[in-house]
1. Mind ranking 150-160, 99-109, 176-186 by how tightly packed they are, going by the mean number of other C-beta atoms within 10 angstrom, highest first?
2. May I ask you to list the aspartates and glutamates whose Cα is less than 18 Å away from that of Lys221, ignoring any residue fewer than eight positions away on the same chain?
3. Give the lysines whose C-alpha is closer than 22 Å to that of Lys38, dropping any in the same chain fewer than 8 places away, or say none.
4. Among the listed pairs Lys213/Lys236; Lys3/Lys225; Lys152/Lys213; Lys107/Lys241; Lys7/Lys166; Lys3/Lys205, which have their C-alpha atoms separated by more than 24 angstrom in this model?
5. To the nearest 0.05, what FRET efficiency results for Glu106 and Asp19 with a Förster distance of 45 Å applied to their C-beta separation?
6. What is the set of long-range amide H partners of Lys70 at a cut-off below 5 Å, with H atoms built 1.01 Å from backbone N?
7. Could you sort 63-71, 24-32, 51-59 so that the peptide with the highest average Cβ count within 10 Å comes first and the rest follow in order?
8. Aspartates and glutamates within cross-link reach of Lys44: Cα-Cα under 19 Å, excluding same-chain residues under 8 positions apart?
Amino acid sequence: MDKVFFKQLELPEAKYNLDVGSGSHAEETGRMLIGIEKILLREKPDTVLVEGDTNTVLAGALAASKLHIKVGHVEAGLRSYDKRMPEEINRILTDHISDYLFAPTEKAREILLREGISEDKIFLTGNTIVDAVYQNLEIANKKQYIFFIHSKVLKDEPYTVYLNHKRIFDYVEDTCRTFANIVDNFKPGEVYNIGGRQEWEHEIKYISDLILKYLGNDDSKVTYKEAEPFTTKVKKINFSKAIRDLNHNP
């Protein structure tokens, strides 16, 4: 699955790939511990930085700590208080063996202090989810319809419009604001849809026609097709829970 993220986010190839594959939590963590330890012994870093709450994070923190290498944990102090979740175990253990704890919110910082972690180890950094959204805006714009069609028209290049396909458009600022609220306001176990308002739903052809009109072009370079394979014609989003719990306000 990681190949998808590397490709879509245009990330450089990793120097090491442990090829752990899937398995039980013990199998995955054990194989990663062995592999990461070998890398750390070879590279001899001053500090190991881990982010999140996956098995990889725990394995990296454990391997470094046992080799007396300092550990920094990004997204420290997040808690669901549900130890049935493997991520909750990972994040608690990682926090308590880390030397530098980068808390995304004041609430996360307070949780770490209540758990007895020294204040001089904790750094309030802000939410890395929001950072990631802003960092990848340019890539996202290349893949969304408005930017795609606008770019094709400006370059006088051909493109395809699928008829009767509708999409709800939203504003990045609204989404980023909601992401920033997730850490403090989410409810464990809930799944949230985030998007624009229903009245912002438009056919792709409408968007194409609008761009052509404002740029003074005709549709001679546009190919119209009835149906795009392997996709949903109309994608409607119910984000009422996000409004209720996360103050989502598009």
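Please treat every number below as a calculation from the coordinates, not as lab data. Just so we're clear, the structure is a prediction, and the values are computed from it rather than from any experiment. When we count neighbours, we look across all protein chains shown, and the Cβ atoms used for this are built from the backbone with ideal geometry, even at glycine.
1. 99-109, 176-186, 150-160
2. Asp156, Glu157, Asp209
3. Counting by Cα, and skipping residues close in sequence, Lys38 has these lysines nearby: Lys15, Lys66, Lys70.
4. Lys213/Lys236; Lys3/Lys225; Lys7/Lys166; Lys3/Lys205
5. Details: r = 40 Å, r/R0 = 0.88.
Taking R0 as 45 Å, the efficiency between Glu106 and Asp19 is 0.70.
6. HN-HN under 5 Å from Lys70: Val48.
7. Details: 63-71: 16.7, 24-32: 14.9, 51-59: 20.8.
So the peptides 63-71, 24-32, 51-59, ranked by packing, come out 51-59, 63-71, 24-32.
8. Here the aspartates and glutamates satisfying the reach criterion relative to Lys44 are Asp99.
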